[in-house]
Amino acid sequence: MPGALQNAATQWFGPDFDRLHPLLQALHRDGGTLGGQIALSTGTGLAGAIGRRLARKLGIPIDRPRRGFRVDIVHDQQQMQWRRRFDDGSELISIFRPVGRYPDGHWLESTGPARMRLGVDLDGGGWRWRWRLLGVDVRGLRLPLFLFPRTDAYKRIEPGGEGERYRFAVAFSLFPFGELLRYEGALHAIPAVTASTADPAGAAIAAAHSSAERVIP
C-alpha cells in the first residue's frame, strides 16, 4: 500500500491487508461509525442464567430482544478502539493491541479486567473476518481456556437491497451448557457529521436509516 496512512491494523496485516474487502479496508484504515438494529439473546436454563450474568459483567443490556446500536472504531499506530453503545446508554469499550504480524501474530483485546489473545482468520476473499480465541487472562492471571466461555465472533460485508452492509455476530458458549449469550446485526455507515453530533445511539441510528448513504465509508 504505497503512500497509504499506516496504523495498527494496516501494519499488522502488511501486504495481506489488500485481501480484505475494499469496505473493510476503508473501515480499518480510516475508522468510522456504524449503526443499526441488533438482536440479543441468552441460552435456556442454566446456560441462560450464566449468560445473563455474563451480560451484566460486560454491560450488555438484554432486557429487550432488539436494540439500537452503534460502534465507533478508531485507529492509531499502536491500537484499535471499539466503542460499542446501546440505545439505553450502556457502553462496551475494547482496546485491541497488535502482536507480531498476520497470519502468525495475534491481537490483545482488553475489555474491563479481561484480556484475550485473538488470532484472525480471513474467509471468502476477505469478505469475512473471524476472531479466533487463543488465550485469556483476568487481572493478570492466565486462565485455562476450558474455564472461560468460548467466543465466536465474525464480521463480513453482506450485499443488501439498499447497499452493502456490515454483518457481525458475537456469541459466547461454555461446555457443556451450550450457547450463553449472543448479539448480532447488520449495520450501516453513519455519516461523519451525524456521528459526531448524534447522542445517544438511538439518534445516530435514526439518522443512519434516513441517510441515502448505505455503505461503509
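For the stretch 86-193, trypsin sites (Lys or Arg not before Pro) meeting the loop criterion (DSSP other than H, G, I, E, B) and having at most 10 other Cβ atoms within 10 Å: ARG139. Calculate what fraction, in whole %, of the accessible area of the stretch 1-60 sits on carbon and sulfur atoms when a 1.4 Å probe is rolled over the protein chains. For the stretch 1-60, the apolar C and S fraction of the accessible surface comes to 55 percent. 3J(HN,Hα) couplings calculated from phi for the stretch 102-113 with the Karplus curve 6.51 cos²θ - 1.76 cosθ + 1.60 (θ = phi - 60°) are, in sequence order, 5, x, 8, x, 8, 10, 9, 9, 9, 10, x, x Hz; Gly and Pro show x.
Shape analysis of the stretch 11-149 places it in the oblate category; the axes a ≥ b ≥ c from the Cα gyration tensor give an a/c of at least 1.5, with a/b not above b/c. Taking a ≥ b ≥ c as the square roots of the eigenvalues of the Cα gyration tensor of the stretch 80-128, is the shape rounded (a/c under 1.5), prolate (a/b larger than b/c) or oblate? It comes out oblate by the Cα gyration axes. Scanning residues 5 or more positions from ILE62 or on other chains, none has an amide H under 5 Å from its amide H, with H placed 1.01 Å from N in the peptide plane. Highest-first packing order for the peptide set 171-178, 49-56 is 49-56, 171-178, based on the mean count of other beta carbon atoms within 10 Å.
The values are calculated or read from the model by the stated rules, or taken from the named source; none is laboratory data. Treat the numbers as computed from the prediction; the structure is a model and nothing was measured. Because the Cβ atoms are built from the backbone with ideal geometry, glycine has one as well, and the counts that use them run over all protein chains shown. Just the protein is used for accessible areas: all its heavy atoms, side chains included, with ligands, DNA and RNA removed. Shrake-Rupley method; radii C 1.70, N 1.55, O 1.52, S 1.80 Å.
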